[in-house]
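Visitor: Take this structure, written in structure tokens, and hold onto it; I'll ask about it next.
The values are calculated or read from the model by the stated rules, or taken from the named source; none is laboratory data. Note that this is a predicted model, so its numbers are computed, not measured. Methodologically, a virtual Cβ is constructed for each residue, glycine included, from the backbone with ideal geometry; neighbour enumeration extends over all protein chains shown. For the accessible areas, the whole protein counts, side chains as well, though only heavy atoms, and no ligand, DNA or RNA atoms are used. Shrake-Rupley method; radii C 1.70, N 1.55, O 1.52, S 1.80 Å.
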Amino acid sequence: MLKINDLKVKIDDGAEILKGLSLEISKGEIHAIMGPNGSGKSTTSNVLAGKPGYEVTNGSIQFLGEDFNQLTPDERVVQGLFLAFQYPVEIQGVTNTNFLRTSINSVLKARGEGKMSPGEFLTKLKTKANELGISSDMLKRSVNFGFSGGEKKRNEILQMAMLEPKLAILDETDSGLDIDALKVVSSGVNSLRSTERSFLVITHYQRLLNYILPDFVHIMVQGKIVKSGAADLALYVEKNGYSEFLS
Amino acid sequence: MDNNRLQLSKDLISNLSTEKNESCEWLAKIRKTSEKRFLNHGIPLAFDEEWRLSSPDHFNKVSLCSSGENHEKAPSPFEKLKKISIVFLDGVFSKDSSDNLRANGIEVTMLDEVVTDSYHWSKDIFGKIEKNSQIISKRPLAILNTAFAQSGVLIEVTDNIEVPIELKYVCTKNNSGCLIRNVVRVCSGNKITLIEHFEGNGWSNICTELWAEKKAIVEHFRFKYLSRDSCSNTFLFVCLQEKSELRSSALSLGAGHSRNETHISLDGEESQCSISGASYLGEGKTLDDDTVSVHHLKPNCKSRQVFKKVQRASSVGVFQGKIRVEREAQKTDGYQTSRAILLDQTGKFLAKPELEIFADDVSCSHGSVSGAIDEETLFYLQSRGIDETLAKNILILAFLSEVFEEISDSNIKDLILSFTEKHLKL
């Protein structure tokens, strides 16, 4: 599904952040990337989502056989990518419901499918919001505006549940969450697991991976993956730290 | 005054003098003194303090041709609103296009119908609030209006009027134009909702004087949907008596050169006003200017100003906001904010907030910010599948909607919001 090959990326002011990243994710798999601060984890998710301000100097990103690097952020969503933000943005003056409706209808339109009927949309929204404990008041409020840290992260998962992506990237979704919120968010993610859907979970701590069990764990240091393994690699890192991977 | 300014001022009024209707003595007298006042002030020139940020050239080029031709009707947000419409076509009252103006609690007279020399209530107001406004800022083109406007409407409100009154000004052609003067008196404890609606082309100078008596409430909304070639100068002069309230809001979605001058006198204790405006004009060298002055004369009054502008492709947005608090006006609460989004490198926003405070127990704040659309927010919308153009328009609406929140009439608020959504193709 996703194939990253020897990717080198620098930020616009010149510093190279990714220094030869390679990663392959197949259908239905859950991959986790762990690593110390500044190793390039968030850059990886930003570059995959097409955030401006980065320059790919080498290598390629292929998603379902398509060269991702040529696509705008919204086109990538149309292809089936979703990024849950580490810091979801507050948008005063745009209600959560309108935002989700515009988002879904934009994606459907770009895929050449018809708009979702208002009834169908609201039913789906209500069901998904209930599962995540999102009140109807939160849906009427401006996007993330005045939301707590936990509410913002649940709102990200709601957007993911509505958009039903093929590949979802969770960028430090656990940061700033207490244990109860972490459980709600994780069960939201787990309910979306399927043989057709893949996840890339980016995190500092192993804690999240207790709830979202990965198939593969990668250790990222200084802009590339230095070790890959199964779920138990996360436990090993939790116990021993990253120091042995820092050269 | 220098000779050049005097000559230019004389040239300007030489086009206008011939059209005067002098059948009402008191009106003729006010007009005559105002003509003198105008010549004393002279026309505005680019180096005048009030005009440093936006050139007066277009506003000085008086053109009063009337074509009276049919024009293509523009879409209106108020189409489905229950209202009483008073329509001026190229500056002339159009009975055919207007609604029946007979309603309980309201007396409507056309300015050119005031022919008798007997007393008319508007005599005590006409030109007075305009003249008082000159103490705070010079507005010679408003004096011009007092001296030369031949048409307009005089509205006296003696009850709570639930149905909004729409004053619709339509200029049909590029070279058509109008000078219109309205006077409104809202009697004690009564309420009116007044919509001023601008449509079409041409040149216009339209002034409304509004007198709100004790505990009166005035809701005012100005909507401009004019062509790129238009030049529109509006004046709103309000005098608020004890415990009366003005809530004025505006939206400009089209104009070539537009200047809205507002002056509020808080002349009664515990009176309050909120003035707001949102604008998003077309591309090209458009000018959108809001020049506001609020004069706190009595204690315990509140004023609030919220202005938001979106500028693009060489367009210029100007906000000049002055709050003067006289020594007597203790416990004044004044607030002012103006913000602009610059969509590209060529759009400009120029702001001049001014506070003149002579009382020592007041709370006054002001702020002005301009900047580009936030990249992070734009990316967030795009990362939910919304393309860049749509995402920007969503953010423009979100930005302007803070002003819509200032509209207290919920019907008008909803209509304005959905009209703007359509305008932005949302």
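Visitor: Going residue by residue through the stretch B:51-59, is there one that turns out to be within 24 Å of B:LEU167 (Cα to Cα) and open to solvent by less than 60 Å² (accessible area, probe 1.4 Å)?
Guide: Taking the stretch B:51-59 as the starting set, the residues that turn out to be within 24 Å of B:LEU167 (Cα to Cα) are B:58-59.
Checking which are open to solvent by less than 60 Å² (accessible area, probe 1.4 Å) leaves us with B:59.
Yes: the stretch B:51-59 contains one or more residues that are within 24 Å of B:LEU167 (Cα to Cα) and open to solvent by less than 60 Å² (accessible area, probe 1.4 Å).
Visitor: Another question, if that's okay. Taking the stated definitions as given, is B:ALA351 away from chain A (no Cβ under 12 Å), buried (at least 21 other Cβ atoms within 10 Å of the Cβ), in contact with a Pro (Cβ under 7 Å, 6 or more places away or on another chain) and under 23 Å from B:SER276 (Cα atoms)? Lay out the reasoning, then the answer.
Guide: Details: away from chain A (no Cβ under 12 Å): yes; buried (at least 21 other Cβ atoms within 10 Å of the Cβ): yes; in contact with a Pro (Cβ under 7 Å, 6 or more places away or on another chain): no; under 23 Å from B:SER276 (Cα atoms): yes.
When the stated conditions are applied, B:ALA351 does not pass them.
Visitor: Quick check on my filter: what residues within the stretch A:89-117 are more than 8 Å from chain B (Cβ to nearest Cβ), without any contact (Cβ under 8 Å) to a residue 24 or more places away in the chain and not aliphatic (A, V, I, L, M)?
Guide: Within the stretch A:89-117, A:ASN98, A:ARG101, A:ASN105, A:LYS109, A:GLY112, A:GLU113, A:GLY114, A:LYS115, A:SER117 qualify.
Visitor: Give the stretch B:158-182 a look and list any residue that's crowded, with 20+ Cβ neighbours inside 10 Å and either part of a loop (DSSP other than H, G, I, E, B) or of a type in the set (Phe, Trp, Tyr) (or both), or say none. Give the derivation first.
Guide: Applying the first criterion (crowded, with 20+ Cβ neighbours inside 10 Å) to the stretch B:158-182 yields B:161, B:164-171, B:176-182.
Correct list: B:ILE161, B:PRO164, B:TYR169.
Visitor: Moving to a separate point now. Could you identify the single residue in B:SER271, B:SER248, B:SER276, B:SER244 that is crowded, with 20+ Cβ neighbours inside 10 Å, over 25 Å from B:LYS73 (Cβ atoms) and touching a His at 6+ places or on another chain (Cβ under 7 Å)?
Guide: Working: B:SER271 fails: touching a His at 6+ places or on another chain (Cβ under 7 Å); B:SER276 fails: touching a His at 6+ places or on another chain (Cβ under 7 Å); B:SER244 fails: touching a His at 6+ places or on another chain (Cβ under 7 Å).
Just one listed residue meets the conditions, B:SER248.
Visitor: Sticking with this structure for a sec: Check A:SER42, A:SER26, A:SER60 and return the single one that is of a type in the set (Gly, Ala, Ser), within 18 Å of A:ALA168 (Cβ to Cβ) and modelled with pLDDT of 95 or more.
Guide: A:SER26
Visitor: Pick from the stretch B:280-324 the residues that are among the aliphatic types (A, V, I, L, M) and part of a strand (DSSP E or B): which of them is nearest to the chain's Cα centre (by Cα)?
Guide: Of the residues in the stretch B:280-324, the ones among the aliphatic types (A, V, I, L, M) are B:281, B:287, B:292, B:294, B:297, B:306, B:310, B:313, B:316, B:318, B:323.
With the extra rule that they be part of a strand (DSSP E or B), the set shrinks to B:287, B:292, B:294, B:306, B:310, B:316, B:318, B:323.
Numbers: B:LEU287: 15, B:VAL292: 9, B:VAL294: 14, B:VAL306: 14, B:VAL310: 18, B:VAL316: 18, B:VAL318: 14, B:ILE323: 17 Å.
The selected residue is B:VAL292.
Visitor: Going by the structure shown, is A:LEU170 among the aliphatic types (A, V, I, L, M), within 13 Å of A:PRO88 (Cα to Cα) and within 14 Å of the chain's Cα centre (by Cα)? Reasoning before the result, please.
Guide: On the way: among the aliphatic types (A, V, I, L, M): yes; within 13 Å of A:PRO88 (Cα to Cα): yes; within 14 Å of the chain's Cα centre (by Cα): yes.
Yes.
Visitor: Residues of the stretch B:92-113 being open to solvent by 60 Å² or more (accessible area, probe 1.4 Å), more than 18 Å from B:HIS197 (Cα to Cα) and touching a residue at least 24 places away in the same chain (Cβ under 8 Å), which ones?
Guide: Once the filter is applied, which keeps residues that are open to solvent by 60 Å² or more (accessible area, probe 1.4 Å), more than 18 Å from B:HIS197 (Cα to Cα) and touching a residue at least 24 places away in the same chain (Cβ under 8 Å), the stretch B:92-113 yields B:ASN104, B:GLU107, B:ASP112.
Visitor: Report the residue count in the stretch A:118-138 for those that are open to solvent by less than 20 Å² (accessible area, probe 1.4 Å), free of Cβ contacts under 8 Å to residues at least 40 places away in the same chain and either within 13 Å of another protein chain (Cβ to nearest Cβ) or more than 16 Å from A:GLU164 (Cβ to Cβ) (or both).
Guide: Just the residues of the stretch A:118-138 that are open to solvent by less than 20 Å² (accessible area, probe 1.4 Å), to begin with: A:121, A:125, A:129, A:132, A:134, A:138.
Narrowing further to those that are free of Cβ contacts under 8 Å to residues at least 40 places away in the same chain: A:121, A:125, A:129, A:134.
After this cut, where a residue has to be either within 13 Å of another protein chain (Cβ to nearest Cβ) or more than 16 Å from A:GLU164 (Cβ to Cβ) (or both) as well, the list is A:134.
Adding up the residues that qualify gives 1.
Visitor: Scan the stretch B:309-329 residue by residue and report those that are surrounded by fewer than 16 Cβ atoms within 10 Å (Cβ to Cβ) and of a type outside the set (Gly, Ala, Ser). Write out each step before concluding.
Guide: Of all residues in the stretch B:309-329, those surrounded by fewer than 16 Cβ atoms within 10 Å (Cβ to Cβ) come to B:313-314, B:327-328.
Scanning the stretch B:309-329 gives B:ARG327, B:GLU328.
Visitor: Take the residues in the stretch B:396-421 that are over 27 Å from B:GLN320 (Cα atoms) and without any contact (Cβ under 8 Å) to a residue 40 or more places away in the chain, then tell me which one is nearest to the other protein chains (Cβ to nearest Cβ).
Guide: Filtering first and then ranking leaves B:GLU421.
Visitor: Oh, and also: Being among the charged types (D, E, K, R) and more than 10 Å from chain B (Cβ to nearest Cβ) narrows it down to one residue among A:ASP67, A:ASP74; which is it?
Guide: Working: A:ASP74 fails: more than 10 Å from chain B (Cβ to nearest Cβ).
Just one listed residue meets the conditions, A:ASP67.
Visitor: For the stretch B:364-390, what are the residues that are within 12 Å of chain A (Cβ to nearest Cβ), in contact with a strand residue (DSSP E or B) (Cβ under 7 Å, 6 or more places away or on another chain) and not small (Gly, Ala, Ser)?
Guide: Initially, the stretch B:364-390 is screened for residues within 12 Å of chain A (Cβ to nearest Cβ), giving B:373-390.
Okay, now just the ones that are also in contact with a strand residue (DSSP E or B) (Cβ under 7 Å, 6 or more places away or on another chain), so B:373, B:377, B:383.
Result: B:ILE373, B:THR377.
Visitor: Identify the residue in the stretch A:139-160 that is more than 16 Å from A:VAL201 (Cβ to Cβ) and hydrophobic (A, V, I, L, M, F, W, C) and, among all such residues, is most open to solvent (accessible area, probe 1.4 Å). Let's see the steps before the verdict.
Guide: Kept after step one, since they are more than 16 Å from A:VAL201 (Cβ to Cβ), are these residues of the stretch A:139-160: A:139-152, A:154-155, A:158-159.
Add one more test, that the residue is hydrophobic (A, V, I, L, M, F, W, C), and what stays is A:139, A:143, A:145, A:147, A:158.
Working: A:LEU139: 19, A:VAL143: 0, A:PHE145: 87, A:PHE147: 14, A:LEU158: 0 Å².
Residue satisfying both the conditions and the ranking: A:PHE145.
Visitor: To continue, here is another question. Looking at (1) open to solvent by less than 30 Å² (accessible area, probe 1.4 Å); (2) in contact with a Pro (Cβ under 6 Å, 6 or more places away or on another chain), which is the one condition that is false for B:LEU415?
Guide: All conditions are met except number (1).
Visitor: Being open to solvent by 50 Å² or more (accessible area, probe 1.4 Å) and assigned to a loop (DSSP other than H, G, I, E, B) is the filter here, so list the residues in the stretch B:330-342 that pass it.
Guide: Quick first cut of the stretch B:330-342, residues open to solvent by 50 Å² or more (accessible area, probe 1.4 Å) only: B:330-331, B:333, B:335, B:339.
Scanning the stretch B:330-342 gives B:GLN330, B:LYS331.
Visitor: Here is a check on your reading of the model: is B:LYS61 at pLDDT 95 or above and within 21 Å of the chain's Cα centre (by Cα)?
Guide: Working: at pLDDT 95 or above: no; within 21 Å of the chain's Cα centre (by Cα): yes.
Judged against the criteria, B:LYS61 is not a match.
Visitor: Of the conditions (1) in contact with a helix residue (DSSP H, G or I) (Cβ under 6 Å, 6 or more places away or on another chain); (2) assigned to a strand (DSSP E or B), A:GLN92 clears all except one; give me its number.
Guide: (1)
Visitor: Hey, B:ASN393 hits all of (1) within 7 Å of chain A (Cβ to nearest Cβ); (2) not in a loop (DSSP other than H, G, I, E, B) but one; which does it fall short on?
Guide: For B:ASN393, the exception is condition (1).
Visitor: Filter the stretch A:161-194 down to the residues that are surrounded by fewer than 16 Cβ atoms within 10 Å (Cβ to Cβ) and of a type in the set (Gly, Ala, Ser), then identify the one that is modelled with the lowest pLDDT.
Guide: Among those residues, the one meeting the criterion is A:GLY176.
Visitor: While we're here: For B:SER85, which of the numbered conditions (1) within 21 Å of the chain's Cα centre (by Cα); (2) assigned to a loop (DSSP other than H, G, I, E, B) fails to hold?
Guide: Failing condition for B:SER85: (2).
Visitor: Does at least one position in the stretch B:114-128 carry a residue that is of a type in the set (A, V, I, L, M, F, W, C), more than 17 Å from B:ARG37 (Cβ to Cβ), open to solvent by less than 70 Å² (accessible area, probe 1.4 Å) and part of a helix (DSSP H, G or I)?
Guide: yes
Visitor: Across the stretch A:20-47, which residue is farthest from the other protein chains (Cβ to nearest Cβ) among those that are out of contact with any His (no Cβ under 8 Å at 6 or more places or on another chain), assigned to a strand (DSSP E or B) and touching a residue at least 60 places away in the same chain (Cβ under 8 Å)?
Guide: A:GLY20
Visitor: Being touching a residue at least 40 places away in the same chain (Cβ under 8 Å) and polar (S, T, N, Q) is the filter here; which residues of the stretch A:50-81 pass it? Break it down into steps so the answer makes sense when it comes.
Guide: As a first pass, look at the stretch A:50-81 and keep what is touching a residue at least 40 places away in the same chain (Cβ under 8 Å): A:53-64, A:77, A:79-81.
Within the stretch A:50-81, A:THR57, A:ASN58, A:SER60, A:GLN62, A:GLN79 qualify.
Visitor: Let me ask something else. Got at least one residue in the stretch A:48-67 being within 23 Å of B:GLY385 (Cα to Cα), of a type in the set (Ser, Thr, Tyr), part of a helix (DSSP H, G or I) and touching a strand residue (DSSP E or B) at 6+ places or on another chain (Cβ under 8 Å)? Walk me through it before giving the result.
Guide: Taking the stretch A:48-67 first, the residues within 23 Å of B:GLY385 (Cα to Cα) are A:48-56, A:60-67.
Imposing the further condition that a residue be of a type in the set (Ser, Thr, Tyr) reduces the set to A:54, A:60.
Within this subset, residues satisfying the condition of being part of a helix (DSSP H, G or I) are none.
For the stretch A:48-67, residues within 23 Å of B:GLY385 (Cα to Cα), of a type in the set (Ser, Thr, Tyr), part of a helix (DSSP H, G or I) and touching a strand residue (DSSP E or B) at 6+ places or on another chain (Cβ under 8 Å): absent.
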